[in-house]
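The values are calculated or read from the model by the stated rules, or taken from the named source; none is laboratory data. Treat the numbers as computed from the prediction; the structure is a model and nothing was measured. Here Cβ is always computed from backbone atoms with ideal geometry, including for glycine, and neighbour counts include all displayed protein chains.
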């Protein structure tokens, strides 16, 4: 496939892997965090870990927008889905995220009309086609997906589609990164920055990471060569004592972002004072709600969702796993109360989360893989 | 509250050195024991995941059906084979067909109902002899639609050389079936050349697939029109008996086991067999035949073609000595010219399937939990 295969060239991959080996100090252990779930997926899918030296460790970050939705929000969604006459729509991978009493898939089995859509526009189309039903879109994601929700709402407003509303769970990328960086026990040396988010916000918002926290950032694309090259760029910064924001994904990410996308977000959304993240707790100014101009489309106002906060079990230590402070197996509930079939924390929800991956493939984890 | 909330001290974090190593081993062995246990059926209700061919389906079958119907494993149900043994040399299988839409590029529900059942016999090493046909029709179904499906059934049965010898029809009220559901059963005679068992694969054996993967499932997903994607993909529905016959002919006892890679795709079949035989399987991703149009659609949908359903692809485990001849024979069968050797059986790690990625890394190819759901990120 053109424009895809070029970035998956195994020959070039070996060349970059060689340069990485030359760039690292064998005496030093490197922990790099890939912030975005998309990168985690690429690392897992292509086995990129295998091409890195043993002293370079990739830590999976909080950037999987599905996994960070807390139980209480899922419960609210399920409650709305059970309201009479509601067609509840969301992205596919949201369907399996557990609330305190089951998932949206379970709600569907109990009779709720839950449908998977590919875009919020599909949900709006359902609303137009079925004016007698209330169509709710469960919006999730970082700045990557927020503009498409915003545009959909602008269209709904312009067309006067009254039976359409949105549960807004959009979050922003900078506050959780700042929360991670603020913690005194952080053990990370650099960040592989989120590529898709940056197509919207640009590279500029990440400047605070080198400026205030002294950690390098490389904004990265999602193909295996992108991720490898980004790791190389980070390791070179660390080796040369540089600390800056570099843009590996320049073919897509402009330094200042996408002004049009930021404008529509500004019109449709407003910051929440705080938002809860599964495994990370409340983070101030990290979530978006619908702005007052769009309050009529806010499903949280239209329906009486319980809005109860369901605390993550106390023993869940996703925060520490994310910061690289502990390994998955060191968590108190790992493998006992928290399993891939019945996950508690964000790291177990997605199959690529650090804990789920370790649960499923732990016997075959990286160190042993090298030995096989 | 601020982001400082993230900080939670852990006593365990300070556990270092040897004791942490042994704790890790302990945690891993707890997990291993849990994973090795027979799946339990603990769900409160049936969800769509129970029909997707992954872990949830496995819990339904191994946790509810087998314990009730074949409690001491005396029959063949516990072997979870595609077809069960009846007497000395007969094999029996049954399958239900519930696809939407009823017609799709490359086939229809009627064709699937014949080929799917014929294929379950074929991969069990049994020459198909006869089929039964049971139709559940929804009130209001157009006579033209029904006529077309009956014709498809007749044509597919004729092409496979297997007569429909008995049947049944029922009509349910509007809204109680998706147009029509079909159940077929098939009876076959075990081929004397067959020495097949899901426990037979051993280290060194080669893994063959009989053609490009992912076509049927992709064609169905696109035909449903949910994705507003158009691509030239057609279902691969066909009888696999000619392919099975050819393999039995050249490989004989060197043919360890065959499966048709229907729901859950090639990945699920390999996982089932790795578990059943206690071996590992390594798949070379670059050697798996996938047509570019399927790769493209899967790329956009965020789905791995190895997990997508096929209706005319079998996976065969063949001894190393017989592998080359088996592949040549397979490629000589009409419709299987793109058959390929995609990997081999290893001793380690038992029960797991690994993929050597085309990029040069490795990953574990696990069973699905439920349906392959498109990813947002």
Please find, within region A:149-166, the residue that is surrounded by the fewest Cβ atoms within 10 Å (Cβ to Cβ) out of those that are in contact with a strand residue (DSSP E or B) (Cβ under 9 Å, 6 or more places away or on another chain) and assigned to a helix (DSSP H, G or I). A:152
Restricting attention to region B:336-362, and to residues there that are facing another protein chain (nearest Cβ under 8 Å) and assigned to a loop (DSSP other than H, G, I, E, B), which single residue is surrounded by the fewest Cβ atoms within 10 Å (Cβ to Cβ)? B:348
Failed condition for residue A:52, given (1) touching a strand residue (DSSP E or B) at 6+ places or on another chain (Cβ under 9 Å); (2) within 13 Å of another protein chain (Cβ to nearest Cβ); (3) at pLDDT below 90: (3)
Subset of region A:7-37 [free of Cβ contacts under 8 Å to residues at least 12 places away in the same chain and either facing chain B (nearest Cβ under 8 Å) or part of a helix (DSSP H, G or I) (or both)]: A:10, A:11, A:15, A:18, A:22
Looking at region A:274-300, which of its residues are in contact with a strand residue (DSSP E or B) (Cβ under 7 Å, 6 or more places away or on another chain) and facing chain B (nearest Cβ under 10 Å)? A:274, A:276, A:277, A:280, A:282, A:283, A:284, A:285, A:286
Would you please name the residue that is nearest to residue A:42 (Cα to Cα), looking only at residues in region A:233-245 that are in contact with a helix residue (DSSP H, G or I) (Cβ under 6 Å, 6 or more places away or on another chain) and surrounded by fewer than 21 Cβ atoms within 10 Å (Cβ to Cβ)? A:236
Odd one out for residue A:182 among (1) touching a residue at least 24 places away in the same chain (Cβ under 8 Å); (2) touching a helix residue (DSSP H, G or I) at 6+ places or on another chain (Cβ under 7 Å); (3) over 30 Å from residue A:129 (Cα atoms): (1)
Residues (under 28 Å from residue A:14 (Cβ atoms), modelled with pLDDT of 95 or more and within 14 Å of another protein chain (Cβ to nearest Cβ)) located in region A:193-220: A:198, A:220
State whether one or more residues within region A:87-96 are out of contact with any strand residue (DSSP E or B) (no Cβ under 6 Å at 6 or more places or on another chain) and away from chain B (no Cβ under 12 Å). no
Kindly indicate whether any position in region B:230-241 is assigned to a strand (DSSP E or B) and closer than 30 Å to residue B:88 by Cα. no
Out of region B:41-60, which residues are within 17 Å of residue A:114 (Cβ to Cβ), out of contact with any helix residue (DSSP H, G or I) (no Cβ under 7 Å at 6 or more places or on another chain) and surrounded by fewer than 19 Cβ atoms within 10 Å (Cβ to Cβ)? B:43, B:44
Taking the condition crowded, with 19+ Cβ neighbours inside 10 Å and free of Cβ contacts under 8 Å to residues at least 12 places away in the same chain, does residue A:105 pass? yes
Give, as residue ranges, the helices (runs of 4 or more DSSP H) completely inside region A:305-365 that count at least 3 residues that are away from chain B (no Cβ under 11 Å) and crowded, with 17+ Cβ neighbours inside 10 Å. A:346-349
Within region B:275-333, track down each residue that is surrounded by fewer than 22 Cβ atoms within 10 Å (Cβ to Cβ), in contact with a strand residue (DSSP E or B) (Cβ under 9 Å, 6 or more places away or on another chain), part of a helix (DSSP H, G or I) and within 14 Å of chain A (Cβ to nearest Cβ). B:286, B:287
Qualifying residue in region A:167-183 (condition: more than 14 Å from every other protein chain (Cβ to nearest Cβ), part of a helix (DSSP H, G or I) and farther than 18 Å from residue A:64 by Cα): no
Six or more apart or on different chains, Cβ under 8 Å: which pairs go from a residue in region A:287-309 that's over 16 Å from residue A:135 (Cα atoms) to one that's part of a loop (DSSP other than H, G, I, E, B)? Could you list them? A:287/A:172; A:287/A:272; A:288/A:172; A:288/A:272; A:289/A:272; A:309/A:70
